[in-house]
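Structure, as structure tokens:
Only the coordinates and a few stated rules stand behind these numbers; no lab work does. Only a predicted model underlies this, so the values are computations on that prediction, with no experimental measurement involved. Every residue, glycine as well, gets a Cβ built from its backbone with ideal geometry; the counts of neighbours run over all protein chains shown.
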Amino acid sequence: MKITVNVWRQKGAQASGRLVKYQVDHVSPDMSFLEMLDILNQQLIAKNEEPVAFDHDCREGICGSCGVMINGLAHGGRLATTTCQLHMRSFKDGDVITVEPWRAKAFPVLKDLIVDRGAFDRIIQSGGYISAATGSAPEANSTPIPKENADLAFDAAQCIGCGACVAACPNASAMLFTAAKVSHLGLLPQGQPERKSRVFNMVATMDAAGFGGCTNIGECSAACPKEIGLHFIGRLNRDLLSATLSGGTTAD
Amino acid sequence: MAAALTLNQSTIGKKAIMAVTGIVLYGFVIVHMIGNLKIFEGPKGFNEYSHFLRVVGEPALPAGTILWVIRIVLLVSVVLHVRAAIQLTLLDNAGRPIAYKKVQRKQASFASLTLRWGGMAIFFFVIFHLLHFTVGSALPGYIEGEPYHNVVSAFSNQIWAAPVYLLAVAALGTHLYHGVWSAMQTLGLNTRRTEKLFRGLAVASGIGLFAGFATVPIVVLLGILQ
Amino acid sequence: MTIETKPQVDTRKPVEYTDARLNANVPAGPIEQKWSKHKFEMKLVNPANRRKHTIIVVGTGLAGGAAAATLGEQGYNVKAFCYQDSARRAHSIAAQGGINAAKNYRNDGDSVQRLFYDTIKGGDFRAREANVHRLAELSVNIIDQCVSQGVPFAREYAGYLDNRSFGGAQVSRTFYARGQTGQQLLLGAYSALSRQVAAGTVELNERTEMLDIIIIDGRARGIVTRDMVTGEIESHLGDAVILATGGYSNVYYLSTNAMGCNITAAWRAHKRGAFFANPCYTQIHPTCIPVSGDHQSKLTLMSESLRNDGRVWVPKKAADTRTPDTIPEDERDYFLERRYPSYGNLAPRDIASRAAKIVCDEGLGVGPGGLGVYLDFSAAMKRLGENTVRARYGNLFDMYERITGENPYKIPMRIYPAVHYTMGGLWVDYNLMSTIPGMFVGGEANFSDHGANRLGASALMQGLADGYFVLPSTIGNYIATGGYSTIDPSHPAVTEAVGAVKERIQQFLSINGTRSVDSFHRELGNIMWEYCGMSRTEEGLKKALTLLPALREQFWSDVRVLGSGTELNQELEKAGRVADFIELGELMVRDALERAESCGGHFREESQTEEGEALRNDDEYCYVAAWEHFGTPSQAVLHREQLQFESIKLATRSYK
């Protein structure tokens, strides 16, 4: 196949960028989208041009490193698929593909298609944990957890932190990401003692990072490679409101 | 209660304010729509209902108390709703300072993407609507205390009135089609189990209110009510 | 020309056998008491003094993340580093199957002793007994710790933890979180780490790559890093350094490792005096998706659990072009069931992989290039129904379909072995300290616990045991016995290391050759896979020893690295890693050549039974090969740590 790509090129964080058109020949339908970019980069290197920088690592859909907007859809828009798992058989010979970085105030572009998603780490640092120091743990089976709760917690815990939810949201909101972590820990008995302070602090950090608000449109969940449900945002709202109305404390 | 005042500090809290005030206004439009349909009882019934709204609570309470309480609640709701909408819109727009060159949507509904535009349309319509039927300055031949006459005369004589009202209630229906569900989600009432229920409620609200409000101008236009 | 990648400061003379440096420091006493006794005997650091000590942790996977978090909790001043943009993305995240622990929740006869035995036997008697026993003991604490952190392990309806049998184990001791156990465990460690970052005990440096280690007065006292966004070269100083930098499967170019996994940190440490142990021990995982073409950048593993219900076969006729469903039962060779009647499709990884290679070498392989065998679920679907198969393996089937475009419910999957894990690594003693005092190594980066072959669900166990429990204890002992002065950042050793790193970067940028870094990496991978892959011969290994130095020479004269060193430059990053991989490759080949026996993941064709099974040679090779660097890998000197088996008798590993 022959593919034309319009790729966002931006030299550095302070530089201005633009879409640049490249033709990629000899694209096999069995290639992943990133392997197509690899081929492009080899072509560029051969021509003494700097290759396109893009984040990627495990290339099996779990590390959450990769992620670009492909024709205006996060990760290309295929159900439950990260960019690295998107294959060129989803495209046709002669297609023109626009490739842009995630766009959000909280995700500044570092170079070409690479953005800084450090805001996600800061959200986790502000409360996305259970304060169980090593060594303090009781016997694992001493607290049974209903299977339904454990399964639901797992559904939320699957979040790979790729940022597609933010990228796909018309408001660049990080609600689905935050909701996933708050729900994961809030559904487990171990997470109860810090439940209120956790949601309070994580939402405050999220807001301060410059993400937009949620208008419950659902693009985030539709773009999520792990299909994390919108109902977790409902759960986050519930937790935050209840924490707010009780002043953020568990005791009266 | 003091804690509730801190709601305004987070985006989620702001949206909760929006959801609660939205639900107040939603309750109001339902009552309003039911009231509108009393027009089928004829001039006497409709005018008496209108009068009842003005004197309800008397003589136990001073004249107009309940009417003004309702008006104040509605006004405060509108102010808070619009204020939160403006604040959140500004935050949302600031969330993505550089737009994508190419955008596609996977699942967003028309209603959800046009919520703000619909809200603005409704806001301006309400001002007009008050001038039209409450103050009467936008309706030549307006008679205080004769709502039946005013409604019939407006939709029969002002040819643009019915289309304007139909568009406005379409905007309202669309606004609620997303808004009602969104409010439930924002208030954290939505779970996996209630998802379908609230989606259904939102769809029914949007369509039902549109149909209920659209009936009056249509039947007047068709000459069924004179 | 000379291919000295770096001016060597090393002027030591090779010593054939340095007993003192290869002392494993295993505590005396009965094996089951060694660790508790050692814990008591180790010296402690006063809690109030801990924040005065800086510990540098490189890598934030299970071992590094857990160690950094735990040391932070204890009050040390921790500086953690990872090359990824977030600590949560370390490659531990990709582990699918599960984590072993001797909890015996199933009452099926499991115990610490049995897990210890299985791991030693699974490692083909090439691991150090005392370390493995400690691992088995700690396994139970790991599960407790992870559950308390909120790791959502699979549960039964009563709410208790579920277990499964994994990788051919005869007890159900594997804890799992659907097919994403590594992800959930890593997110647990990452959350503990995040808590310490918020508490100010851990300073986390993402997108930062370690490029050298700083040694002062014979001790590891710091590292040199490159900020991968700004290109800034910095030194970081401390009292101890932990390397938890993962394995080196990417020396094969195609592997199941993440694209960024590299040997650079460990290799730099090796070049500065850390012995590298058993580099030839590599694990080839049998159930990976086959290569689809030259464009292939990495291989994807599918959980070994697929072999619980899938049957592995090839057509009996070579170059059979019929579709698999039209090949009648009697024209199929279920070669694992045929060769290993008692374990069948569940034979251990190394054995299943080699069997697949053998049939493909005979021309019976299927799919493009004939490098694949069928993994067929049609019998399981008949027996259990499609829905049960979907419930068990649905996510794996979906993944297969996404990658290959074929529907495994209709057509048998095609699988082929791929490099997956490296048992070799930096040599460490019982305290996980390398031959450089003050430099500790945890997780896959060390060599210690898996011998010549790692069992399924053991890597996560080892990473977390090292990170949560072993390193935080042994580091304290090291600090308590030290009493080190603060180091002036302008110390000559610091300046020298920083200068060396800068010079090397400049060298890459100034070669300005004709070939891309990737083309060299690919060529290296081909050489390694061909001559030092699933089976090895003296002749092939010797051939590789002529090819690799030539490749190294060509790399240093003809690589093209565009851009500058003072910006985000992914080609420059890769260049450094590939340069080190080429050198490592040579050492691996030397180690494989030296070890003229077959054991675990290392199969020498000269050393096999009449039936083609691995033949160990305990008389001559029951040792850990620890290599000391001198100039180039060809000059590296072999040291031997003799392995003693006191608790478990040396026996032939048979899965017939």
- Note on the structure: Counting only residues 5 or more apart in sequence or on a different chain, those whose built amide H sits under 5 Å from that of C:MET413 are C:LEU375, C:PHE377
- Which angle between 0 and 90 degrees, to the nearest 10, do you get for helix B:42-55 versus the longest principal axis of chain B when only C-alpha atoms count? 60 degrees
- the range A:80-140: trypsin sites (Lys or Arg not before Pro) in DSSP loop, at most 13 other beta carbons within 10 Å: A:LYS92
- Within straight-line cross-link reach of B:LYS44, aspartates and glutamates at Cα separation under 16 Å, skipping those fewer than 8 residues along the same chain: B:GLU144, B:GLU146
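For the range A:58-215, what is the convex hull volume of its Cα atoms per residue in Å³?
Working: hull volume 22.7 nm³, N = 158.
Spelled out: Cα convex hull of the range A:58-215, divided by residues, is 144 Å³.
Test of understanding: express the Cα radius of gyration of the range C:503-572 as a ratio to 2.2 N^0.38 Å, with N the residue count.
Values: Rg = 14.6 Å, N = 70, 2.2 N^0.38 = 11.1 Å.
Rounded to two decimals, the normalised Rg is 1.32.
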- Report the net charge of residues surrounding B:ALA154, where surrounding means a beta-carbon distance below 15 angstrom and charges are Lys +1, Arg +1, Asp -1, Glu -1. -2
- Taking the simple approach of a point 7 Å from Cα along Cα-to-Cβ for both A:ALA13 and A:ASP93, what is their distance in nm? 4.5 nm
- Message: Can you give me the angle between helix A:33-46 and the longest principal axis of chain A, using Cα atoms only, in degrees from 0 to 90, rounded to the nearest 10?
- Response: 40 degrees
- Partner shielding of A:115-125, taken as the mean number of other chain Cβ atoms within 10 Å, equals 5
- Query: Using a cut-off of 18 Å between alpha-carbon atoms, which aspartates and glutamates can reach C:LYS543, once sequence neighbours fewer than 8 places away in the same chain are excluded?
  - Reply: C:GLU523, C:GLU530, C:GLU553, C:GLU583, C:GLU586, C:ASP591, C:GLU594, C:GLU605, C:GLU606
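With only alpha-carbon pairs counted, each pair once and no self-pairs, how large is the Kirkwood hydrodynamic radius of the range C:404-505 in angstroms?
On the way: mean 1/r = 0.0572 Å⁻¹.
About 17.5 Å, per the Kirkwood formula over Cα pairs.
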- Per-residue HN-Hα couplings for the range C:165-172, Karplus 6.51 cos²θ - 1.76 cosθ + 1.60 at θ = phi - 60°, whole Hz, x for Gly and Pro? 8, 9, x, x, 5, 9, 10, 8
- Item | Within 10 Å of each Cβ in C:78-91, the average number of Cβ atoms from other chains | 4
- Message: Using amide H atoms built in the peptide plane, which far-off residues or other-chain residues are under 5 Å from C:LEU211 H to H?
- Response: C:VAL224, C:THR225, C:ARG226
- Task: Arrange the peptides C:292-299, C:448-455, B:160-167, A:28-35 so that the one whose residues have, on average, the most other Cβ atoms within 10 Å appears first.
- Result: C:448-455, A:28-35, C:292-299, B:160-167
- Message: Can you compute the modelled spin-label distance between C:ASN308 and B:TRP117, with each label point 7 Å from Cα toward Cβ, in nm?
- Response: 5.3 nm
- Task: Evaluate the Kirkwood expression for the hydrodynamic radius of the range B:78-226, namely the inverse of the mean inverse distance over all pairs of different C-alpha atoms, and round to one decimal in Å.
- Result: 17.7 Å
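Sorted by packing (mean other beta-carbon atoms within 10 Å per residue), highest first, where do C:234-240, C:597-603 land? Each step should come with its number before you reach the end.
Working: C:234-240: 21.7, C:597-603: 27.6.
Highest mean packing first, the order is C:597-603, C:234-240.
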- Message: Using a Debye calculation, one point per C-alpha and no hydration shell, please list log10 I(q)/I(0) for chain C at q = 0.06, 0.07, 0.11 Å⁻¹ in order.
- Response: -0.31, -0.42, -1.10
- Whole-angstrom gap from the range A:179-221 to the range C:405-436, using each part's C-alpha centre: 35 Å
- Apply the Karplus parameterisation 6.51 cos²θ - 1.76 cosθ + 1.60, with θ equal to phi minus 60°, to every residue of the range A:12-26 and state each ³J(HN,Hα) to the nearest whole Hz, in sequence, with x for glycine and proline. x, 4, 8, 6, 8, x, 7, 7, 10, 8, 10, 9, 10, 9, 6
- Message: I'd like to know how the range C:20-105 sits against the 2.2 N^0.38 Å rule of thumb: what's its Cα Rg over that expected value?
- Response: 1.41
- Task: Would you mind computing Rg(Cα) / (2.2 N^0.38 Å) for the range A:3-111, counting N as its residues?
- Result: 1.02
- Per residue, the convex hull enclosing the Cα atoms of the range C:285-419 spans a volume in Å³ of 106 Å³
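So for the protein assembly as shown, what percent of the C-alpha to C-alpha distances run longer than 62 Å? Kindly include the intermediate steps, with their values, before the conclusion.
Details: 104624 of 642411 pairs.
When every Cα pair of the protein assembly as shown is considered, 16 percent fall beyond 62 Å.
For Cα pairs less than 8 Å apart in space and 6+ apart in sequence, what is the mean separation divided by the residue count of chain C, i.e. the relative contact order in percent? Before the final figure, lay out each step's value.
Values: 1410 pairs, mean separation 134.5, N = 656.
Dividing the mean separation by the residue count of chain C yields 21 percent.
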- Rg in Å to one decimal, and Dmax rounded to a whole Å, for the range C:203-257 via C-alpha atoms: 13.6, 40
- Message: Quick check: the distance between the Cα centres of the range C:601-623 and the range C:250-300, to the nearest angstrom?
- Response: 23 Å
- Query: Among the listed pairs A:LYS21/B:LYS102; A:LYS21/A:LYS47; C:LYS103/C:LYS656; C:LYS271/C:LYS502; A:LYS11/A:LYS47, which are separated by more than 20 Å between their Cα atoms?
  - Reply: C:LYS103/C:LYS656
- Integer Hz, Karplus 6.51/-1.76/1.60 couplings in order for the range B:97-104, x for Gly and Pro: x, 10, 7, 5, 6, 9, 10, 10
- Most to least packed among C:136-145, B:77-86, B:101-110 [average Cβ atoms within 10 Å]: C:136-145, B:77-86, B:101-110
- Note on the structure: Spelling it out for C:ARG221: with amide H atoms placed in the peptide plane at 1.01 Å from N, the residues 5 or more places away or on another chain with amide H under 5 Å from its amide H are C:ILE214, C:ILE215, C:ILE216
- On a 0 to 90 degree scale, rounded to 10, what angle separates helix B:147-157 from the longest Cα axis of chain B? 80 degrees
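Ignore the peptide's own chain and count Cβ atoms of other chains within 10 Å of each Cβ in C:172-185; give me the average, rounded.
Details: counts 0, 0, 0, 1, 0, 5, 4, 1, 6, 0, 1, 8, 5, 0.
Whole-number average of other-chain Cβ neighbours for C:172-185 is 2.
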- Quote the convex hull volume per residue of the range C:492-622, based on C-alpha atoms, as a whole number of Å³. 134 Å³
- Item | Candidate lysines - alpha carbon under 22 Å from C:LYS382, same-chain residues fewer than 8 apart omitted | C:LYS410
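Would you please calculate the Kirkwood hydrodynamic radius of the range C:33-78 over all C-alpha pairs and express it in Å, rounded to one decimal? Could the numbers behind the result be given before it?
Values: mean 1/r = 0.0851 Å⁻¹.
Taking every pair of different Cα atoms in the range C:33-78, averaging 1/r and inverting gives 11.8 Å.
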